[in-house]
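The values are calculated or read from the model by the stated rules, or taken from the named source; none is laboratory data. Remember, predicted model here, so these are calculated numbers, not experimental data. So basically every Cβ, Gly included, is an ideal-geometry build from the backbone, and we count neighbours across all protein chains shown.
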Amino acid sequence: MTTRIFNSIDVDQSGNPTVERRNPADSSDLVSVTVSSTAEETRDAIGKAAEAQVAWAATEPVVRGRILMDAAELLRQRQAAYARDLTREEGKTLPEAMGEVQRAIDVLRYYGSEAWRLGGTVFTSGFANTLPYTKREPLGVVGVITPWNFPIAIPSWKIAPALVTGNAVVAKPAELTPLSMKNLADALAEAGLPEGVLNVVYGGGRTVGSAIVSDERVRAVSFTGSTAVGQQIKRELDARGARVQLELGGKNALVVLDDANVEQAAAIAAAGGLGLTGQACTASSRVICTPGIYEEFVAALVRKTNEFVPGNGLDAGVRMGPVVSETQLATDLKALQSVRDAGGEFAAGGNEADGLFLAPSVVTGLPDDHEVNVEEVFGPLVSVLMAKDLDEAIEKANSTKYGLAASICTTSISNAQQFIDKIQAGVIKVNRATTGLDLNVPFGGVKESSTNTFREQGPVAIDFYTWSKSVYLGWD
Ligand SMILES: NC(=O)C1=CN([C@@H]2O[C@H](COP(=O)(O)OP(=O)(O)OC[C@H]3O[C@@H](n4cnc5c(N)ncnc54)[C@H](OP(=O)(O)O)[C@@H]3O)[C@@H](O)[C@H]2O)C=CC1
Ligand SMILES: O=C(O)CCC(=O)C(=O)O
């Protein structure tokens, strides 16, 4: 079925370019046709947001929260249909998509209930008859720019905290995955979100995205995507004194020590590296093994990898969907070629793709500083390195410009604790895959994976979307 997606702003569409999105697993399946907005239309949407924000900020927080809760209920009723839309537009498997829509539901419920906890701190005062306390205010209009890899969960965890705190939002989904953003926006509108409070603007990053970033009325932007674009956005927002929250790339290491359970470690590496077709910023794209477990681990990982046969994510039993696009596939194939050029070995995979279906690869023998070991690929490719002991493993894990997620497989609490203390990453796991996050736990990276300022998810997301007033209430 074709869905024609229109801008939520009331503009004359005639003459605007359209973007067709086809299912990456089946190019005969036309998923959506989106009308792209111009920069001028994006500025109109920002204007509408600025007008609507005043009344929205004056609305009782619990009323705002109820709208998020009601939207969550609508998503729950439509979960199967929206998961199907997500699989068709992004490619991930139906169980992965069901999980992602569930995450969006939970995020809306979580921030809906945060409405009851929005408050400040009361202090004692050195002045007589005075009560100091803090009070939060919304920033105004905020921008949300999201990628294709979690097309409903990421918009939810950026938009929900912005709305509950009284901001109006201008949101731009990736051109590849507009339908999931529309589904989310529809649920919010049907749940009673006043017009103009959430404005979804479809179109390219260079037109719509840039128009959001450069507009003085937009007081903050939350962005997830590539490091190059994120850094460019940060420079622009820093220059005009607006807030920015970035969630960028990763080269996330999974350290596997001799004392690990080898089968469990291989399952964790495969889930973290190949699940979601490796297209997660938290994917375990590097495994760093100590020598005593190396051979056995690689053999176990190859067995697990062979279970990830790529297929149409709508089909039952498929473990791994296609690569999202031709552009991403070209990046993946270039990485595979660079492995061959460097004399790396494919313990699994290494093959050409069939359409956008790319068999997963396990690579060994690459130099630590090879591009595949230091740059994000964002595909189904895990590189296994060796380190002589825990200290060297941590050193190698810390050696890239990224610092998003890291994990260790070990049965020793002491080893785990040393890893936790020394690893440079925003998310650290022990005996768990680097992918998969709780929605109530702060998320963000260090070094070039983030802004090293505001985290997202959980209660700290509220900080990003608000500013604090210190009030001294006196009486005589
Ligand atoms: N951290 C993460 O989770 C993600 C990381 N990536 C990494 O980025 C690589 C490239 O993927 P890609 O989709 O091109 O990532 P981008 O960073 O280009 O895209 C992310 C979002 O930013 C928008 N955008 C692009 N350029 C600008 C700009 N100048 N100003 C404002 N917004 C802009 C995009 O719009 P549009 O695409 O519609 O033009 C999209 O909505 C991947 O291979 C992967 O390594 C990608 C996705 C998610
Ligand atoms: O691992 C996860 O669940 C979240 C990953 C993520 O946020 C991303 O890839 O952008």
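If you check K172, K182, which single one turns out to be more than 23 Å from D438 (Cβ to Cβ), within 16 Å of ligand 2 (Cβ to nearest atom) and not hydrophobic (A, V, I, L, M, F, W, C)? First the steps, then the outcome.
Working: K182 fails: within 16 Å of ligand 2 (Cβ to nearest atom).
Going through K172, K182 in turn, the sole match is K172.
Within 14 Å of ligand 1 (Cβ to nearest atom), among the basic types (K, R) and either in contact (Cβ under 8 Å) with a residue 12 or more places away in the chain or surrounded by fewer than 16 Cβ atoms within 10 Å (Cβ to Cβ) (or both) - does that describe any residue in the range 207-222? The answer is no; no qualifying residue exists.
Pick from the range 142-155 the residues that are closer than 18 Å to K92 by Cα and more than 7 Å from ligand 2 (Cβ to nearest atom): which of them is surrounded by the fewest Cβ atoms within 10 Å (Cβ to Cβ)? Break it down stepwise before answering.
Filtering the range 142-155 for residues closer than 18 Å to K92 by Cα gives 146-155.
Among the residues that remain, those that are also more than 7 Å from ligand 2 (Cβ to nearest atom) are: 146, 148, 151-153, 155.
On the way: T146: 27, W148: 22, P151: 29, I152: 30, A153: 24, P155: 30.
Among those residues, the one meeting the criterion is W148.
Just one of the listed residues (I159, I105, I154) is in a helix (DSSP H, G or I), within 24 Å of S468 (Cα to Cα) and among the hydrophobic types (A, V, I, L, M, F, W, C), and it is I159.
So, in the range 293-342, of the ones that are buried (at least 23 other Cβ atoms within 10 Å of the Cβ) and outside any helix (DSSP H, G or I), which residue ends up farthest from ligand 2 (Cβ to nearest atom)? Going through the qualifying residues, I end up with P310. Restricting attention to the range 271-292, the residues that are within 15 Å of ligand 2 (Cβ to nearest atom) and outside any loop (DSSP other than H, G, I, E, B) add up to 8. Just one of (1) touching a strand residue (DSSP E or B) at 6+ places or on another chain (Cβ under 8 Å); (2) assigned by TED's automatic domain parsing to the domain that holds T400 fails for Q418. It is (1).
Counting only residues that are of a type in the set (A, V, I, L, M, F, W, C), within 16 Å of ligand 1 (Cβ to nearest atom) and in contact with a Ser or Thr (Cβ under 6 Å, 6 or more places away or on another chain), how many does the range 372-413 have? Please lay out each step first, then the result.
At the first step, the residues of the range 372-413 found to be of a type in the set (A, V, I, L, M, F, W, C) are 372, 374, 377-378, 381-382, 384-387, 390, 393-394, 397, 404-406, 408-409, 413.
Checking the rest, the ones that are also within 16 Å of ligand 1 (Cβ to nearest atom) come to 372, 374, 377-378, 381-382, 404-406.
Going one step further and asking which of them are in contact with a Ser or Thr (Cβ under 6 Å, 6 or more places away or on another chain), we end up with 372, 374, 381, 404-405.
Matching residues across the range 372-413 total 5.
Which residue, of G204, G140, is over 17 Å from L68 (Cβ atoms), near ligand 1 (Cβ under 10 Å from one of its atoms) and at pLDDT 95 or above? On inspection, the qualifying residue turns out to be G204.
Okay, residues lined up against (1) outside the structural domain of G403 (by TED's automatic domain parsing); (2) over 20 Å from the mean Cα position of the chain (by Cα):
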{"site": "G209", "(1), (2)": "yes, no"}
{"site": "D215", "(1), (2)": "yes, yes"}
{"site": "F223", "(1), (2)": "yes, no"}
{"site": "A266", "(1), (2)": "no, yes"}
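Among the residues that make up the range 236-243, is at least one of them within 30 Å of L94 (Cα to Cα) and away from ligand 2 (no atom under 12 Å from the Cβ)?
Narrowing the range 236-243 to residues within 30 Å of L94 (Cα to Cα): none.
The answer is no, given that none of the residues of the range 236-243 is within 30 Å of L94 (Cα to Cα) and away from ligand 2 (no atom under 12 Å from the Cβ).
Pairs only if they're at least six apart or on different chains, beta carbon under 9 angstrom, first in the range 373-394 and within 16 Å of ligand 2 (Cβ to nearest atom), second in a strand (DSSP E or B) and aliphatic (A, V, I, L, M); list them, first residue then second. Between residues of the range 373-394 that are within 16 Å of ligand 2 (Cβ to nearest atom) and residues that are in a strand (DSSP E or B) and aliphatic (A, V, I, L, M), the close pairs are P380/M320; L381/V362; L381/V363; V382/L254; V382/V287; V382/A348; V382/V362; V382/V363.
Looking at the structure I just gave you, is V287 more than 29 Å from V427 (Cβ to Cβ), surrounded by 20 or more Cβ atoms within 10 Å (Cβ to Cβ) and in contact (Cβ under 8 Å) with a residue 12 or more places away in the chain? Criteria not met by V287. Could you please find all residues in the range 193-228 being over 14 Å from T146 (Cα atoms) and in a helix (DSSP H, G or I)? Those that are over 14 Å from T146 (Cα atoms) and in a helix (DSSP H, G or I): T207, A211, S214, A228. Total residues in the range 80-101 satisfying the condition of being assigned to a helix (DSSP H, G or I) and either buried (at least 17 other Cβ atoms within 10 Å of the Cβ) or touching a residue at least 60 places away in the same chain (Cβ under 8 Å) (or both): the figure is 15. Among the candidates A335, A300, A280, A330, single out the residue that is out of contact with any Phe, Trp or Tyr (no Cβ under 6 Å at 6 or more places or on another chain) and farther than 21 Å from G249 by Cα. The conditions single out A300.
Pairing each residue of the range 28-53 that is in the same structural domain as R64 (by TED's automatic domain parsing) and under 27 Å from Y82 (Cα atoms) with any residue that is of a type outside the set (A, V, I, L, M, F, W, C) and assigned to a helix (DSSP H, G or I), provided the two are 6+ apart or on different chains, yields C-beta distances under 6 Å for V31/R88; V31/E89; S32/P178; T34/P178.
All but one of (1) aliphatic (A, V, I, L, M); (2) over 23 Å from the mean Cα position of the chain (by Cα); (3) surrounded by 17 or more Cβ atoms within 10 Å (Cβ to Cβ) hold for I408; state the number of the condition that does not hold. Evaluating I408 over (1) aliphatic (A, V, I, L, M); (2) over 23 Å from the mean Cα position of the chain (by Cα); (3) surrounded by 17 or more Cβ atoms within 10 Å (Cβ to Cβ) leaves (2) as the failure. Only residues that are outside any loop (DSSP other than H, G, I, E, B) and either more than 7 Å from ligand 1 (Cβ to nearest atom) or of a type in the set (S, T, Y) (or both) were counted in the range 229-250, giving 11.
Residues of the range 424-454 being without any contact (Cβ under 8 Å) to a residue 40 or more places away in the chain and either over 28 Å from N261 (Cβ atoms) or surrounded by 21 or more Cβ atoms within 10 Å (Cβ to Cβ) (or both), which ones? Residues satisfying the conditions are G426, K429, P442, N452.
Among the residues of the range 164-189, count how many are within 16 Å of ligand 1 (Cβ to nearest atom) and among the acidic types (D, E). Working first, answer last.
From the range 164-189, those within 16 Å of ligand 1 (Cβ to nearest atom) are 169-182, 184-185; that's our starting set.
Retained after the next criterion (residues that are among the acidic types (D, E)): 175.
Residues in the range 164-189 being within 16 Å of ligand 1 (Cβ to nearest atom) and among the acidic types (D, E): 1 in total.
Taking the range 390-440 as the region of interest, how many residues are outside any loop (DSSP other than H, G, I, E, B) and either within 30 Å of V107 (Cβ to Cβ) or among the small types (G, A, S) (or both)? Total satisfying the criteria: 17.
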